[in-house]
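Since the structure comes first, as structure tokens, the remarks are kept for the end.
The values are calculated or read from the model by the stated rules, or taken from the named source; none is laboratory data. Being a predicted model, the structure only gives us computed values, none of them experimental. Cβ: placed from backbone, ideal geometry, glycine included. Neighbour counts: every protein chain shown.
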Amino acid sequence: MKEEIIKKIREVGVPEAEVENFYELLSEQVLDLLFEDLTEKSSDQELEVIEARIKEAKSVEHFESIIKELAFTAYGDEATTEIMNMYLDLIDAFQKNVADAKALIERANSGDTDAKALLDKAMETEEFKNLSSQE
């Protein structure tokens, strides 16, 4: 499954140097979604054990094996399909956000004052400042 997801990440244009990092970020998001689903099916004590195991993961592979185990607990025989769909949905959302951002920039560069104002406002956010300082 990882190879398929990595291929999809490359297809949406993530720079090669960032592919593995992006995969890890997606995995964290999938884990969050999975954990939400597990809260409906597990006791607080079981969730604490799961959380401790996740924190103790020694490698990306170990982390992935925990995700798979939790997925089978939450989704049974559909676990692999559910997890793959989570990854694909997150990648699709990322791709849509990038396309929307590019369209907004093009509109602003073409003189659209509303688009320019929206970009200016976005550049004042803490999130933008944090992203800008990482480059």
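Does Ala108 fit the bill of being over 17 Å from the mean Cα position of the chain (by Cα), without any contact (Cβ under 8 Å) to a residue 24 or more places away in the chain and surrounded by 13 or more Cβ atoms within 10 Å (Cβ to Cβ)? Step through it out loud before you land on a result.
Working: over 17 Å from the mean Cα position of the chain (by Cα): yes; without any contact (Cβ under 8 Å) to a residue 24 or more places away in the chain: yes; surrounded by 13 or more Cβ atoms within 10 Å (Cβ to Cβ): yes.
Judged against the criteria, Ala108 is a match.
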Within the range 35-79, restricting to residues that are loosely packed, with under 10 Cβ neighbours inside 10 Å and small (Gly, Ala, Ser), the one that is farthest from Asn21 (Cα to Cα) is Ser43
Going by the conditions given, is Ala74 in contact with a Lys or Arg (Cβ under 7 Å, 6 or more places away or on another chain) and modelled with pLDDT of 80 or more?
yes
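Every residue in the range 2-24 that is of a type in the set (A, V, I, L, M, F, W, C) and surrounded by fewer than 12 Cβ atoms within 10 Å (Cβ to Cβ), please. Steps first, answer last, please.
Let us first name the residues in the range 2-24 that are of a type in the set (A, V, I, L, M, F, W, C), namely 5-6, 9, 12, 14, 17, 19, 22.
Across the range 2-24, the qualifying residue is only Ala17.
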Anything in the range 39-87 that is over 18 Å from the mean Cα position of the chain (by Cα) and among the β-branched types (Val, Ile, Thr)? List them, or say none.
Thr39, Val49, Ile50, Thr73
